[in-house]
Amino acid sequence: MKRHQLLRFTLFLLLLLLSIAGLFLWKFFQSEPQTITSYRARNIQHRVDPLHEGASLLQSSALDALDGEFTKLVNKVIPSVVSITTMDAPNREILLRQFFGLSKRESAPSSKMGSGMIVSEKGHIVTNWHVIKDAMEVTVQLDDGRTFPAALTGYDERADIAILKIKATKLTPITLGDSDQVKVGQMVVAVGNPFGLQETVTQGIISAKGRRAMSEAANEFFQTSTLINPGNSGGPLVNIHGEVIGINNFIITQSGGAEGLSFAIPSNVARRVYNDIIEHGRVIRPWFGVVMRPLNSVLAQQLGLPNTAGALVVATLVGSPAERVGIHSGDIITTFNDHSIKDWIDLRNRIAETKAGENIVLTILREGHSMNMNVTIEEEPGRQEL
């Protein structure tokens, strides 16, 4: 009996040992793939990390370089940007009503703020005409805090450009770039004095060229995504080289604040006004001498034209360059120095950008026949049509 019990006990122990061994082996084989996977993951992570870290370092270096170049650009431009404060004359109508005892309302002088840019070591400053229009006093504050009274050297109301001058030393002129080379999408920076906050810098791109909008200026504009506000008018719009390619002029807004619809006068317009005033003491306006009418679809159909492109001549002025070369009523001007003319406004702007004395080539469409004409643009003798 005892032997039988011993045998049973031995078998029990053997089964128990086999069960424990089986359980141990099962757990071992269950954990091995995870261990291998974890090991491989650590191995892969170890191999990937250097590449990831290298990419991060390269990205960081590129961003640091971009940040550094942007900072250099701003530091280069800011010393050339000025704040302009004007004291405007009292309202004449209110003064007359006070004089005749029709009103007790006081007419105090009002002030405006704007921006400008130094363009010569002699103290010449370019700004918008509407910034200093009707001003009794104009004060200019430099980047270093110095303030000076400014005198009006000249202006072009049509272009909305004015040239001021201050008597100061140690000035940093800014470079006027070539706005004809501007491309849609290129990066630009606006610097100015919005709401009296000096040295405000905003960045954006050229959103469009050749915009026409309601403004003091008659020329076309660059549309930009730079955020500007009241006080930015007259300040520079610069490219990545720190060259002025536009003069900030106005915004379109529904909320009263900046909405990324900003407009700037091309720098070549300002350059022409500045050069005329410095060299001749006045703005020399080019003159062609035609009266034009917009081409609509009805007129185009009556004239047998495929579309409304071109400028329709209604009349030529006596003694004008247009009359002398034989341009007639009914002629359609289609190109101006190989530039296709979209409409009469396009032709007007092309003429405005031409120097007096310059010879240009026009393509004329007359009774279905195309012809070229050489015309010398002259100085405007008085207020005439283009």
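The values are calculated or read from the model by the stated rules, or taken from the named source; none is laboratory data. Quick caveat, the model's predicted, so the values are computed rather than measured. Quick reminder, even Gly has a Cβ in these numbers, built from the backbone with ideal geometry, and neighbours come from all protein chains shown. In case anyone asks, the SASA skips ligands and DNA or RNA and just uses the protein heavy atoms, side chains included. Shrake-Rupley method; radii C 1.70, N 1.55, O 1.52, S 1.80 Å.
Which condition number does G234 fail, the rest of (1) farther than 29 Å from Q203 by Cβ; (2) in a loop (DSSP other than H, G, I, E, B) being met?
(1)
Tell me, please, whether a residue that is among the β-branched types (V, I, T) and within 23 Å of the chain's Cα centre (by Cα) can be found in the range 150-169.
Quick first cut of the range 150-169, residues among the β-branched types (V, I, T) only: 153, 161, 163, 166, 169.
In the following step, the residues that additionally are within 23 Å of the chain's Cα centre (by Cα) were identified as 161, 163.
Yes, that holds for at least one residue.
Could you check the range 110-137 and list, in sequence order, the residues that are more than 26 Å from the chain's Cα centre (by Cα) and either acidic (D, E) or over 20 Å from N229 (Cβ atoms) (or both)?
Taking the range 110-137 first, the residues more than 26 Å from the chain's Cα centre (by Cα) are 110-111, 122, 134-137.
Scanning the range 110-137 gives K122, D134, A135, M136, E137.
How many residues does the range 285-326 contain that are β-branched (V, I, T) and more than 22 Å from D346 (Cβ to Cβ)?
1
Here are some residues: E323, E358, E380, E367. Which one is touching a strand residue (DSSP E or B) at 6+ places or on another chain (Cβ under 8 Å) and over 22 Å from D156 (Cα atoms)? Working first, answer last.
Values: E358 fails: over 22 Å from D156 (Cα atoms); E380 fails: over 22 Å from D156 (Cα atoms); E367 fails: touching a strand residue (DSSP E or B) at 6+ places or on another chain (Cβ under 8 Å).
Criteria check complete, one pass: E323.
Looking at (1) modelled with pLDDT of 85 or more; (2) within 22 Å of D180 (Cα to Cα); (3) open to solvent by 10 Å² or more (accessible area, probe 1.4 Å), which one does L261 not meet, given that it meets all the others?
(1)
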